[in-house]
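Following: one structure in structure tokens, then a few remarks.
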Amino acid sequence: MNRDALVSLFCELVQIDSLSKHEAAFASVIEDKLADLGLDITDDGAALRIVGDCGNLICRIPATADGFPAIMINTHLDTVGDDTGIQPVVENDEIHSAGDTILGADAKAGIVIILSALQALDDQELPHGELVVVFTVAEEIGLIGAQHLDYEMLEPLPQMAYVLDGSVTPGQMVTQAPYSDKISFEVRGKAAHAGVEPEAGINAIKIAAQAISEMKLGRLDDESTANIGTIQGGSATNIVPEVTTFKGEARSHQEEKLIRQTRHMCQKVEEAAAQAGAQANITTERSYNGFALGLDEEVVRRGIAAAEQVGLKPNLHKGGGGSDANIFNEHGIPSVIIATGAHKPHTPDELLCIPSMLKCCEWLLAIVTT
Ligand code: CA
């Protein structure tokens, strides 16, 4: 793999903005790159379903030899948050952003790895099975592209998938990920003049504060977490606040524990509201289901064998977050996340380790050709 070409491709891609649901301009650049390799790409039409400007891109590459499984390779087109105008700076073996923005290595390092592996397959005429390359949209705002992917277009379903959306060390595979719920709370009390007749009011902020202070939050055990992440309420200091809304989430690698934690958070709000004569309106929603893949799964064994083949130490990891792999697993495609060489994603300190990215290219190539 040519280091300079990969670095220059990466720098080109991170300079094209691709915010969630606004990936169209960036997607057309990726389509051109694939067309240069003689590949056709299909948009699955998810833009309409998610109200974005671009659907998920699907590219089917026929097998060139027998005896290989059909493998899906995926990463996402969007970058996290609302940072635009990203300027990459190459310094020795690292790339970081020039300003106070993210770098966008999450997941553009993954895109570079995929494109370079496809280029190598073509240049070296390497034998491989059917490949289904899927670039999803709107991953960073809740795996929305993967949830609205037209799975019929993937039929017959690939036997396994590798999602290039991991950070850190080459050789690391996320084979387990948590279940997650999101919860929206509304406490409805009663407004009153805070100075004239506070007795007539029911303070929604106070109820929320009491409920939240009684919740088990943070790291609950070695496989479960919970958080209250946003809160709004009240309109003026001289009005007893009528309404407070707040949102939270819970995650666990064990579904029963997640269900218990979600119920606990809801109960604390219901109890505090009832005690004060207020009303609690709560909606809970499953964000994604977890997965746990072991050595009995071909996707795991193949990942390990390919890592060893290119001199990497395979390392199976229990992830703490959700990714498109959660959704693909739900749809019956055994999927793991593999590393890309990106560090500190979702922060202005994000950086890409160039030698790690190169190693991940070799790894991906070994996965599809071994
Ligand atoms: Ca990501």
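Any residue that is part of a loop (DSSP other than H, G, I, E, B), crowded, with 18+ Cβ neighbours inside 10 Å and not assigned by TED's automatic domain parsing to the domain that holds T340 - is there at least one of those in the stretch 269-284? Quick ask: steps written out before the conclusion?
Taking the stretch 269-284 first, the residues part of a loop (DSSP other than H, G, I, E, B) are 277-278.
Then drop every residue that is not crowded, with 18+ Cβ neighbours inside 10 Å, which leaves 278.
The next check asks that each one be not assigned by TED's automatic domain parsing to the domain that holds T340; those that pass are 278.
Within the stretch 269-284 (the criterion being part of a loop (DSSP other than H, G, I, E, B), crowded, with 18+ Cβ neighbours inside 10 Å and not assigned by TED's automatic domain parsing to the domain that holds T340), the answer is yes, since at least one residue qualifies.
With respect to (1) more than 16 Å from the ligand (Cβ to nearest atom); (2) touching a residue at least 40 places away in the same chain (Cβ under 8 Å); (3) not acidic (D, E), the lone exception for L295 is condition (2). Quickly run through the stretch 313-349 and pick out the residues that are within 14 Å of the ligand (Cβ to nearest atom) and surrounded by fewer than 19 Cβ atoms within 10 Å (Cβ to Cβ). Within the stretch 313-349, G320, G321, K344, H346, T347 meet the criteria.
Going through (1) away from the ligand (no atom under 16 Å from the Cβ); (2) in a loop (DSSP other than H, G, I, E, B); (3) in contact with a Gly (Cβ under 7 Å, 6 or more places away or on another chain) one by one, I205 falls short only on (2). Scan the stretch 251-258 and give yes if some residue there is hydrophobic (A, V, I, L, M, F, W, C) and more than 30 Å from M357 (Cβ to Cβ), otherwise no. Checked against the condition, which is being hydrophobic (A, V, I, L, M, F, W, C) and more than 30 Å from M357 (Cβ to Cβ), the stretch 251-258 yields at least one hit. Listed by position, the strands (runs of 3 or more DSSP E) inside the stretch 30-146 whose residues that are within 16 Å of the ligand (Cβ to nearest atom) and of a type outside the set (S, T, Y) number at least 2 are 71-76, 131-136.
Scan the stretch 227-235 and give yes if some residue there is under 30 Å from L312 (Cβ atoms), modelled with pLDDT of 95 or more and hydrophobic (A, V, I, L, M, F, W, C), otherwise no.
Residues of the stretch 227-235 under 30 Å from L312 (Cβ atoms): none.
No; the residues of the stretch 227-235 include none that is under 30 Å from L312 (Cβ atoms), modelled with pLDDT of 95 or more and hydrophobic (A, V, I, L, M, F, W, C).
Among the listed residues L364, L352, which satisfies the condition of being crowded, with 23+ Cβ neighbours inside 10 Å, assigned to a strand (DSSP E or B) and either free of Cβ contacts under 8 Å to residues at least 40 places away in the same chain or not assigned by TED's automatic domain parsing to the domain that holds K206 (or both)? If you could, list the steps in order and put the result at the bottom.
Working: L364 fails: assigned to a strand (DSSP E or B).
Being crowded, with 23+ Cβ neighbours inside 10 Å, assigned to a strand (DSSP E or B) and either free of Cβ contacts under 8 Å to residues at least 40 places away in the same chain or not assigned by TED's automatic domain parsing to the domain that holds K206 (or both) holds for just one of L364, L352, which is L352.
Could you say whether any residue in the stretch 311-326 is over 22 Å from the mean Cα position of the chain (by Cα), outside any strand (DSSP E or B), outside the structural domain of H128 (by TED's automatic domain parsing) and not aromatic (F, W, Y)? No, the stretch 311-326 contains no residue that is over 22 Å from the mean Cα position of the chain (by Cα), outside any strand (DSSP E or B), outside the structural domain of H128 (by TED's automatic domain parsing) and not aromatic (F, W, Y).
If you take just the strands (runs of 3 or more DSSP E) that sit entirely in the stretch 210-255, which of them hold at least 1 residues that are buried (at least 20 other Cβ atoms within 10 Å of the Cβ)? Step through it out loud before you land on a result.
Values: elements: 218-221, 224-233, 243-252.
Here the list reads 224-233, 243-252.
From the list S235, S167, the one residue that fits, being without any contact (Cβ under 8 Å) to a residue 24 or more places away in the chain and small (G, A, S), is S235.
Does the stretch 150-200 hold any residues that are part of a loop (DSSP other than H, G, I, E, B), away from the ligand (no atom under 16 Å from the Cβ) and either in contact with an Asp or Glu (Cβ under 8 Å, 6 or more places away or on another chain) or basic (K, R) (or both), and which are they?
In the first step, residues of the stretch 150-200 are kept if they are part of a loop (DSSP other than H, G, I, E, B); the result is 150, 155-159, 168-171, 178, 189, 191, 194-197.
Next, from what is left, pick out any that are away from the ligand (no atom under 16 Å from the Cβ): 150, 155-159, 169-171, 189, 191, 194-197.
Within the stretch 150-200, D150, P158, Q159, G189, A191 qualify.
The values are calculated or read from the model by the stated rules, or taken from the named source; none is laboratory data. Every value quoted in this text rests on a predicted model; they were computed, and no experiment measured them. Ideal geometry is used to build each Cβ from the backbone, glycine not excepted, and the neighbour counts take in all protein chains shown.
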